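Derivation of every value follows stated rules applied to the coordinates shown; laboratory data play no part. What you see is a predicted model; the values in this text were computed from it and never measured. Here the Cβ positions follow ideal geometry from the backbone for every residue, glycine too, while neighbour counts run over all protein chains shown.
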Amino acid sequence: MEQRALIDSRGKDHRRLILQMLVGSGRGHVGAALSVMEIVRVLYDDILRVNPQNPQWPERDRFIFSKGHGCLALYVMLAEKGFFPKDELMRSCHFGSRLGGHPESRKTPGVEASTGALGHGLSIGVGCALAARIDKKDWRTFVLIGDGESNEGSVWEAALSAGKHRLANLTVLVDYNKFQSYGPSKDIQDLEPFADKWRSFGFAVREVDGHDVPTLRETLLATPFDAAKPSVLICHTVKGKGFKTTEHNADWHHKAKVKPEELQALLQELEVAL
Amino acid sequence: MRKAALLAVHELAKRDPRVVFVGSDITKQNLEKFAAEFPDRYFMEGIYEQHIIGMCAGLAMSGKIPYLNTIATCLTRRCYEQVLIDLCLHELPVRLLGSGGGTVYAPLGPTHLANEDIAIMRAIPNMTVVAPCDADEMKRVMMQSLDWHGPLYIRIAKGGDKVVSSDVRGFKIGEAIPMREGKDVLLVSTGITTQVALDAADLLSKDGLTATVLHVHTLKPFDTARVLRYAAQARAVLTIEEHTLVGGLGSAVAETLMDAGKGGVPFVRLGFPDVFTEELGSQAEIMGKYGLTSANLAAKAKQLLSK
Ligand SMILES: Cc1ncc(C[n+]2csc(CCOP(=O)(O)OP(=O)(O)O)c2C)c(N)n1
């Protein structure tokens, strides 16, 4: 599936914020954040039942942001929803900040689990989903993972287990940007046939353009895709989406010390429609 | 000891609906009643230790108290990052019951020996590490585990060990137990080496020497106060553990003494040297080869005292 959707004006606002955070924080995994921005936005806008005034509300849906390095996108949405003041965004990673280079549940309101070491979140999500089932609660669990992250054996351990337990209250979102740290996934570890892999592990699978907001919304509103299976939504995305310079560019996987002229050039790029 | 632990989990489950049991492809023995009575809180999962640690984290984040049992090596080494991040960083009440702590699986070879479990578990912030000395004490640990804050690693020794603990002395996680008191030498032990230390104390008494045996069942948090108090009353201090000398009980006692400026006391640590114990045979044979016996402990104590 191709990724064709254009970035709308709110998507551009989010991207401006991400760039500003990058400068304010001094560093960040830009590519990963730009890749998941629309997924995270739709989750918080339309899907997740959460309460920013009471982040620990027991009936909330659980969202495990397993590809923790993409947290700039998560922070943007959490601030937008009022989990913490927006001005904190600009000081992430600094001494004493509540926002780190990877999300931490004991520091940042709204962050469900501390992630950053790849391959942990899906197992945690399986545990959450099992707990909801034991308690006969209707809150649901969502886990966002990366495609590179899916090189980890632990992801597939968790997938086996989710399939075994038929966790229909669990939805996995895969940020399938076909890129990882070093470069294109096909040069490192190709995952194809990816959808078939999930299917064979017992998941109900759908695929979507991961930057197409209306379709993402419509598809996620249709979860669970099968009442007796965990769902996986494979989101076809572009790493670094939104700026010509950053798209499919390994140099922008993690970026530190962005120069003012680089920032200006990027902001310009955003103006021309992508 | 494993039996005592698993039967206790069933008791706890009856008392508290938060208790869940998770096993990783282990024997049914001693679990049948739990499985029959609480099928929705009983999980027999596959051989994927990384996953079940994360799964237990998710359960605990959602209000459950998971008790997880499998082989000690698989529960500590295989999934170390999951233990560190998912359990300890999040400070979650997950109880790890490690079967075959130390050299219980001696005949199975080095892949199955948990000789560094205490060291690696002790190195993680928020972790609690307990090595009970017998089945009775295991029951006491288990009963206290329910309300213990944060993750807990419980080292299970081989079955059928002689019972040396008793209710009279009480039990509190984190508080070392003086099993007997003497004035010449302090023997500090943990897990089943407490039995060895008690036998060594008997041997010493035949030579007119009296020993304190301090059973440090909790390796972390470490009871520095009691170690220092009993060390101050002794002319020599010896430690004995079924564990590598790198980072276990002996290290903790040495750190405690040095940090308190009491490093001058004659001191010997018994444990496994920094090697893979390759001998096979039985636990007793391996412990014998490396001097983890009452005779050797008593002899080393006499040597220290005669210096
Ligand atoms: C266990 C682990 N190994 C390695 C890393 C270093 N690392 C961080 S991000 C990354 C690439 C991840 O790729 P992917 O999941 O596709 O996310 P993307 O950045 O492409 O969006 C790597 C190797 C890590 N954080 N955790």
What's the exposure ranking of B:81, A:149, B:32, going from fewest to most Cβ atoms within 10 Å?
B:32, B:81, A:149
Calc'd 3J(HN,Hα), the range A:135-145, phi into Karplus 6.51 cos²θ - 1.76 cosθ + 1.60 (θ = phi - 60°), Hz, glycine/Pro = x, comes to 7, 6, 9, 9, 5, 10, 10, 10, 10, 9, 10
On alpha carbon coordinates alone, what is the Rg over Rh value for the range A:96-154, Rh being the Kirkwood radius?
1.02
Given the -39500 (n - 2.57) contribution per DSSP H run of 4+ residues, what per-residue ellipticity at 222 nm results for the protein assembly as shown, rounded to the nearest 500 deg cm²/dmol?
-10500 deg cm²/dmol
Of A:164/A:197; A:178/A:255; B:3/B:64; B:183/B:302; B:162/B:289; B:28/B:220, which ones are farther than 24 Å apart at the Cα?
B:28/B:220
Neighbourhood charge, 15 Å Cβ-Cβ cut-off, centred on residue A:256 and excluding it, Lys, Arg +1 and Asp, Glu -1:
+2
Find out how many positive minus negative residues lie around residue A:57, taking Lys and Arg as positive, Asp and Glu as negative, among other residues whose Cβ is under 15 Å from that of residue A:57.
+1
Calculate the mean, over all residues of peptide A:136-144, of how many other protein chain Cβ atoms lie within 10 angstrom of the residue's Cβ.
1
Convex hull of Cα atoms in the range A:1-157, direction-averaged projection (nm²)
9.8
Peptide ranges B:102-114, A:43-55 listed from the most packed, as the mean C-beta count within 10 angstrom indicates
B:102-114, A:43-55
May I ask you to evaluate 6.51 cos²θ - 1.76 cosθ + 1.60, the Karplus curve with θ = phi - 60°, for each residue of the range B:156-168 and list the ³J(HN,Hα) values in order in whole Hz, giving x for glycine and proline?
9, 8, 6, x, x, 5, 4, 7, 10, 7, 8, 4, 4
What does the net charge come to around residue B:8 if you take all other residues with beta carbon closer than 10 Å to its beta carbon, with K and R at +1 and D and E at -1?
+2
If you split all Cα-Cα distances of the range B:159-307 into 10 Å bins from zero, what percentages do you get per bin, shortest first?
12, 44, 36, 8, 0
Hey, can you grab everything whose amide H is under 5 Å from the amide H of residue B:103? Only 5+ residues off in sequence or another chain; H modelled, so Pro and N-termini drop out.
none
Send over the semi-axes of chain A's equivalent ellipsoid, whole angstrom and largest first, taken as the square roots of 5 times the C-alpha gyration tensor eigenvalues.
28, 21, 17
Assigning unit charges at the beta carbon (Lys, Arg +1; Asp, Glu -1) and nothing else, what dipole magnitude in debye, to the nearest 20, does the protein assembly as shown show about its Cα centre?
1180
Counting other Cβ atoms within 10 Å of each Cβ, which trypsin sites (Lys or Arg not before Pro) in the range B:235-279 have at most 16 and sit in a DSSP loop?
B:235, B:262
Residues meeting the amide H criterion for residue B:20 (H placed from the backbone, H to H distance under 5 Å, 5 or more places apart or on another chain) are B:65, B:67
Take every residue in peptide B:84-97, count the Cβ atoms of other chains within 10 Å of its Cβ, and give the average of those counts.
2
Can you order the peptides A:119-126, B:126-133, B:171-178, A:265-272 by their average number of other Cβ atoms within 10 Å per residue, highest first?
A:119-126, B:126-133, B:171-178, A:265-272
Measuring from centroid to centroid over Cα atoms, what is the spacing of the range A:177-239 and the range A:95-171 in Å?
16
Restricting attention to the range A:117-198, which chymotrypsin sites (Phe, Trp or Tyr not before Pro) occupy a DSSP loop and are surrounded by at most 16 other Cβ atoms within 10 Å?
A:182
Explain nothing, just compute: Karplus ³J(HN,Hα) = 6.51 cos²θ - 1.76 cosθ + 1.60, θ = phi - 60°, for every residue of the range B:117-133 in order, whole Hz, x for Gly and Pro.
4, 5, 4, 6, 6, 5, 6, 9, x, 6, 7, 10, 10, 10, 10, x, 8
Just check the range B:1-152 against the gyration tensor rule for me: Cα atoms, a ≥ b ≥ c as the square roots of the eigenvalues, rounded for a/c under 1.5, and otherwise prolate or oblate depending on whether a/b exceeds b/c.
rounded
Counting DSSP beta bridges with both partners in the range B:167-306, what percentage is antiparallel, nearest 5?
15
Dimensions of chain B along principal axes (Cα, Å, largest first)?
61, 37, 32
Neighbouring partner chain Cβ atoms per residue of A:57-63, average, 10 Å criterion
1
Quick one: putting +1 on the C-beta of Lys and Arg, -1 on the C-beta of Asp and Glu, what dipole do you get for the range A:67-221 around its Cα centre, in Debye to the nearest 20?
600
Name the helices (complete DSSP H segments) of chain A with a Cα length along the long axis of 18 Å or more and a Kyte-Doolittle mean of at least -0.5, or state none.
A:9-25, A:30-42, A:121-134
Give the Debye-formula value of log10 I(q)/I(0) at each listed q (0.07, 0.11 Å⁻¹), with one equal scatterer per alpha carbon of the protein assembly as shown, two decimals each.
-0.49, -0.97
Write down the percent of antiparallel bridges among all DSSP beta bridges whose residues are both part of the range B:2-155, to the nearest 5.
5
Relative contact order, percent, chain A [alpha-carbon distance under 8 Å, six or more residues apart]:
25
Among trypsin sites (Lys or Arg not before Pro) in the range B:36-129, those in a DSSP loop whose Cβ has at most 16 other Cβ atoms within 10 Å are B:77
Quick one: work out the % antiparallel among DSSP beta bridges in the protein assembly as shown, nearest 5.
15
Along the principal axes of its C-alpha atoms, what lengths does the range B:131-176 span, in descending order and rounded to whole Å?
30, 24, 16
